[in-house]
Amino acid sequence: MPVDGEAQRLKSEADEPGWEVDPDDEWGVAVIATVGRQLRLRREAVGMRAAEFGMAVGYGEDLVYKVEGGKRIPRQEYLDKADEVLDAGGLISATWEDVKRVRYPKKVRELAKLEAQAVEVALYGNHNIHGLLQTEEHMRALFDAWLPSYSEEEAERMAAARMARRSIFERLPAPTLSFVQEEVTLRRPVGGRMVWRRQLERLLELGQLRNVSIQVMPTDCEDHFGTGGLIEVLKFPDGTAVGRSEGAFNGRLVSEPKQLRILELRYGMIRAQALTPRESRALIEQMLGET
């Protein structure tokens, strides 16, 4: 039996290494249920009780039942420990290849898939700095300020998903990425001065990449075509494209040429009104000097 301190640790970490399964995500539910069933059958085959197995892998019995019941998405470390304890010869560890495809919310997975295929990405943000540009500290501060409040688990899952999407900056061949940000989103010290400072430094760092363009829309711009809200347009190697905007087509993803033309026209006008990349960089450096 574990000492009191160890028992408390196991209890407090019972829900740590994974996330709840979204019941509306049919594919995700099927994958996690299959992995959970394999874990249970393997555990029972070696004659281990759930509590005994939980102690062996270092997590609570409650988590073991949730994972085996397909209610919890296990992290890689959990699967690796289970493989070792159950002497599965790598079979359990290998299930991570399936689990990692469904570990993030369905909408985020679909967006990340599109971003991974795109050769051109055009983004306009007017409420917050776009997620692809955010530092981890900045995005967590945004999640903390949301009402109604996200649970710690929800915030963790969203932050992890957004961080994973940042791999777009490391892709080869590199896609062309164009961002236009409202000036006010850069001046708001979300998370405090030091978080704000690191966020501005991140923008300057990304703006130096040859395939990345970051422009700032001045707050004092009188004629503004971005009042309809966020715009995203992604173009693919085969010539097709998809896009969405908060102020058009009920915010849904569209692919019809006429609809895309409207989004591209709006984005083109917004980009023309914004400061040039060089002017934008100078403004961000000025803001950084003020922090």
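A few remarks follow.
- Mean Cα-pair separation over length for the chain, i.e. relative contact order, pairs under 8 Å, 6 or more apart, %: 16 percent
- The stretch 106-290: mean projected area of Cα convex hull, nm²: 10.8 nm²
- Among 36, 47, 207, the residue with the largest mean-square fluctuation in a Gaussian network model of the chain, with springs joining Cα atoms closer than 10 Å, is 47.
- For the stretch 106-290, share of DSSP beta bridges that run antiparallel, in % to the nearest 5: 50 percent
- Sequence-ordered 3J(HN,Hα) estimates for the stretch 139-150 from the Karplus curve with 6.51, -1.76 and 1.60 and θ = phi - 60° stand at 5, 5, 5, 5, 5, 5, 8, 6, 10, x, 4, 6 Hz, glycine and proline given as x.
- Max mean-square fluctuation residue, GNM over the chain, Cα-Cα springs under 10 Å, options 199, 181, 208: 208
- Residue with peak Gaussian network fluctuation, the chain [Cα springs, cutoff 10 Å], from 173, 277, 74: 173
- Tail fraction, Cα-Cα pairs, the stretch 153-262, threshold 25 Å, whole percent: 36 percent
- For the stretch 63-103 and the stretch 205-272, distance of Cα centres in Å: 40 Å
- Residues whose placed amide H lies under 5 Å from that of residue 60, excluding near-sequence neighbours: 14
- ³J(HN,Hα) computed for each position of the stretch 249-261 - Karplus, 6.51 cos²θ - 1.76 cosθ + 1.60, integer Hz, glycine/proline x: 6, 6, x, 7, 6, 10, 9, 5, x, 5, 5, 5, 4
- Distances between placed amide hydrogens fall under 5 Å for residue 216 paired with 181, 275, 280, all partners being 5 or more residues away or on another chain.
- Around the amide H of residue 19, modelled in the peptide plane, lie the amide H atoms of 73, all under 5 Å away and 5 or more residues distant in sequence or on another chain.
- Count, lysine Cα pairs under 25 Å in the chain, 8 or more residues apart or across chains: 20
- Helix-derived mean residue ellipticity, 222 nm - over the chain, DSSP H n ≥ 4, -39500 (n - 2.57), to 500: -15500 deg cm²/dmol
- Shape call, the stretch 140-211: gyration tensor on alpha carbons, a/c limit 1.5: oblate
Readers should treat all values here as calculations from the given coordinates under stated rules, not as data from a laboratory. Worth saying up front: this structure is predicted, and the values here are computed from it rather than measured.
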